[in-house]
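The values are calculated or read from the model by the stated rules, or taken from the named source; none is laboratory data. Only a predicted model underlies this, so the values are computations on that prediction, with no experimental measurement involved. All Cβ positions, even for glycine, are placed from backbone atoms using ideal geometry, and neighbour counts span all protein chains on display. SASA here: full protein model, heavy atoms, side chains in, ligands and nucleic acids out. Shrake-Rupley method; radii C 1.70, N 1.55, O 1.52, S 1.80 Å.
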Amino acid sequence: MMATIDLQIPTDTDPIDRAETLLREIWGHDELRTLQREAVQSVLDGRDTLLVLPTGGGKSVCYQLPPLVRERPAIVLSPLVSLMKDQVDSLRASGVPAAALHGLLSEEEKRQVLREFVHGRIPVLYLAPERLALGSLVSILSAAEPCLIAIDEAHCISQWGHDFRPDYRRLASLRAQLPGVPMLACTATATPRVREDIVQQLQLDNPVRVVGSVDRPNLIFRVRPRTDAVAQVLEVLERHPNEASIIYVQTRAESERIAKKLVDRGVKASCYHAGLPAAKRTKVHEAFQADRLPVVVATVAFGMGIDRSDVRCVIHANMPKSLEHYQQEAGRAGRDGLAAECVLLHAASDAARWQGLIERSADEAVAEGGDRETVNRNTRAQLDLLAETSAWCRGLGCRHRAVVEYFGHDWHGADEREGGCGACDACLGEIERLDDATTVARKILSCVARLGTLGQQFGAGHIADIMVGGNTERIRSMRHDQLSTFGLLRELTKSQVTDLIGQLVATGCLGRIGGDRPVLTLVADGVTVLRGDREIELAKPARGKVPRDQRAPKGRDATDWSGIDRPLFEGLRELRRGMAAARKVPAYVVANDAVLRDLARFRPSTLEAMSSIRGIGRKKLVEQGPELLAFLDAWCPENGLARDMVD
């Protein structure tokens with residue numbers, strides 16, 4: 001197997017030193033990060049391991065290196081064919097003869113892959129969990145004497161996770177079928193409860209737990225009330241011209257509608273959802289991976305199979321139903337470690353819609369014979385996750401800190417008094433506080449309380465109509481224009497009051513009950529505010545127009561572009577597209593944005609100088625280096641750019 005890679009590392013080299021030599025020669029990185037080193041060392045020691053690293057934290061290297069060190073193959077269980085294919089392409093481009101076993105292969109191709117694997121010529125084999133249920137596959141795989149079973153997206157095994165998949169439950173049987181083979185369970189998003197469930201469900205034996213912070217400091221979080229989704233999306237995309245961007249929506253119809261609106265405005269975009277013909281989905285996926293299509297408007301069906309590292313922008317046009325979902329989806333931005341923007345647009349209707357879907361799903365589960373107690377427990381858990389997400393959207397504090405603490409970690413960044421994280425709307429000073437928020441809150445709470453004394457409960461829309469002094473048939477017929485709270489907030493619009501009501505729900509001052517058409521109720525925390533026993537802060541509601549945000553000129557994004565010639569970077573991107581097309585691989589397989597930025601920053605004049613750029617391993621230097629160097633040789637003199645720049 002190692003003859004294919006041919007690095008000629010002395011056999012008596014310490015295993016972890018051998019791993020770092022391979023990392024440097026194959027991937028072009030000088031050394032393992034601290035947590036990567038812990039995970040690789042654990043696997044090399046033959047220990048079961050739970051690895052939790054944020055997206056872009058380098059999980060894949062932790063199961064790709066050990067088989068090369070041990071010269072025995074690894075089995076990697078992964079949920080999506082497209083994700084397997086992308087990782088296989090990346091490994092092969094770096095000189096590692098990986099393969100994937102999936103249903104798109106012919107029977108002869110499958111047999112060939114298995115023969116190569118069993119004979120030690122494929123060090124890393126990917127397959128989907130459901131394939132393990134097919135016949136004698138496990139016994140065939142065991143003949144290769146694998147050194148590792150890696151389970152990617154391991155949160156899928158947990159009913160408490162955000163992406164539970166029943167096929168993952170069967171993976172525990174691998175312990176008996178492949179005794180003595182260590183397991184590495186990997187995930188990017190797992191609360192403490194999910195982590196414990198992964199360990200129990202996989203029957204990991206006294207595992208080493210390598211848990212990194214979920215924080216992604218290169219991601220700039222912004223959360224905005226949704227006023228005009230298309231206009232707000234366009235405003236964000238203007239900051240990322242021709243850069244890879246994903247827009248997540250809740251429904252297929254929204255995907256098609258927003259994509260059409262963007263195309264009408266001159267944006268090169270396409271929709272993506274499970275209802276499209278398979279050929280259309282494949283075409284969109286491949287165009288995005290090849291850097292020919294910058295913007296995709298998608299349901300969450302698009303994303304898990306995307307291994308592209310240079311996504312610079314992720315926009316959610318609707319609130320996700322959990323912070324786990326949001327962390328997973330937003331985490332598809334900036335996987336190369338460079339600054340990326342994540343914008344979430346939300347409205348009270350998002351939470352109401354999710355609540356209705358969750359409760360309907362529970363009713364259907366019971367109708368199909370599910371245990372009511374179990375269904376109710378799971379429903380409560382999902383509604384709790386939804387409430388946490390609403391609170392995060394409405395929060396006024398550091399968003400990075402809130403995410404870190406939600407996932408059970410201690411916050412080690414700067415607090416708000418010291419300027420905070422510098423990478424969210426709260427810490428960048430973009431959230432305006434509402435003047436006299438407690439007085440405004442008491443007016444709204446008083447209206448809900450007064451209706452309650454009359455035995456009446458209404459949704460946010462009707463409460464907002466009352467507060468702004470609306471002249472509706474419903475108000476007149478129910479004589480709500482006679483209430484003492486009628487028109488107390490007539491200086492605001494209905495949508496602004498609705499936004500404030502949503503904030504009061506998220507902060508626990510108001511409750512929302514009742515499925516698809518929820519009504520508001522005053523709860524204990526709201527009573528303390530209404531009585532004047534507690535002050536409250538609220539964000540100033542949007543005025544209905546789209547603000548012209550500007551990213552902070554200082555901070556991570558400015559640092560990432562320091563010393564880089566932007567026209568040269570764009571020229572290198574165009575060159576990368578051509579190189580990728582010629583090789584029939586995704587553009588990032590040739591080089592990610594971090595590599596291109598370093599080429600545009602340092603502008604090496606020799607292959608030896610180019611070899612010092614992080615991310616260019618030996619094989620890429622030999623196969624791609626001359627073409628990159630020739631481009632720099634032509635561009636730099638023509639544009640008066642010096643070569644061999646240093647930090």
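Data table
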item: Relative contact order (percent, whole number), the range 161-288, Cα cutoff 8 Å, 6+ residue spacing; result: 14 percent
item: Spin-label model distance (nm) - Asp228 vs Thr528, 7 Å beyond Cα toward Cβ; result: 4.1 nm
item: The range 378-436, accessible surface, carbon-and-sulfur percent (1.4 angstrom probe); result: 43 percent
item: FRET efficiency estimate (nearest 0.05) - Cβ-Cβ, Thr374 to Ile513, R0 22 angstrom; result: 0.50
item: In degrees, nearest ten, helix 348-367 long axis to first principal axis of the chain (Cα); result: 80 degrees
item: Diffusion coefficient, µm² s⁻¹, Stokes-Einstein with Kirkwood Rh over alpha-carbon pairs of the range 138-259 at 25 °C and 0.890 mPa s; result: 136 µm²/s
item: Extension gain from Ser611 to Thr493, taking 0.36 nm per residue of separation minus the Cα-Cα distance; result: 36.5 nm
item: Using alpha-carbon coordinates, inclination of helix 107-118 to the longest axis of the chain, degrees; result: 70 degrees
item: P(r) histogram, all alpha-carbon pairs of the range 70-216 included - 5 Å bins from 0, percent; result: 2, 9, 19, 22, 21, 15, 8, 3, 1
item: Ratio of Rg to Rh over the range 55-103 (Cα coordinates, Kirkwood Rh, two decimals); result: 0.94
item: Nearest-ten-degree value, helix 566-583 long axis tilted from longest Cα axis of the chain; result: 60 degrees
item: At 1.567 mPa s and 4 °C, Stokes D of the range 580-634 from Kirkwood alpha-carbon radius, µm² per second; result: 114 µm²/s
item: Relative contact order computed over the chain (Cα-Cα under 8 Å; 6+ residues apart), in percent; result: 14 percent
item: Residues of the range 174-269: accessible area per residue with a 1.4 Å probe, Å²; result: 41 Å²
item: Pairs from Lys260/Lys619; Lys85/Lys321; Lys260/Lys584; Lys110/Lys584 whose Cα-Cα separation, in the structure shown, is over 32 Å; result: Lys260/Lys619
item: Percent accessible area from carbon and sulfur atoms, the range 236-291, protein chains only, probe 1.4 Å; result: 51 percent
item: Compactness of the chain as Cα Rg over 2.2 N^0.38 Å, two decimals; result: 1.05
item: Chain lengthening between Leu137 and Gln112 when straightened (0.36 nm per residue, less Cα-Cα); result: 7.6 nm
item: Full-stretch length increase - Ala253, Lys540 - with 0.36 nm per residue and alpha-carbon distance subtracted; result: 100.2 nm
item: Estimated FRET transfer efficiency when R0 is 45 angstrom, pair Asp167-Glu235 (beta carbons, to 0.05); result: 0.65
item: Highest-first arrangement of 338-346, 191-199, where packing means the average Cβ count within 10 Å; result: 338-346, 191-199
item: Ellipticity estimate at 222 nm from DSSP helix runs (n ≥ 4, -39,500 (n - 2.57)) divided over the chain, nearest 500; result: -13500 deg cm²/dmol
item: Distance between the range 308-363 and the range 251-299 - C-alpha centres, whole angstrom; result: 17 Å
item: Cβ-based charge dipole, the range 206-352, positive-most Cα from Ser309, Gly337, Val284; result: Val284
item: Highest to lowest packing among 492-504, 70-82, scored as the average C-beta count within 10 Å; result: 492-504, 70-82
item: Segments 202-214, 467-479 sorted - mean Cβ within 10 Å per residue, highest first; result: 202-214, 467-479
item: The chain, dipole about Cα centre (Lys/Arg Cβ +1, Asp/Glu Cβ -1), debye to the nearest 20; result: 1620 debye
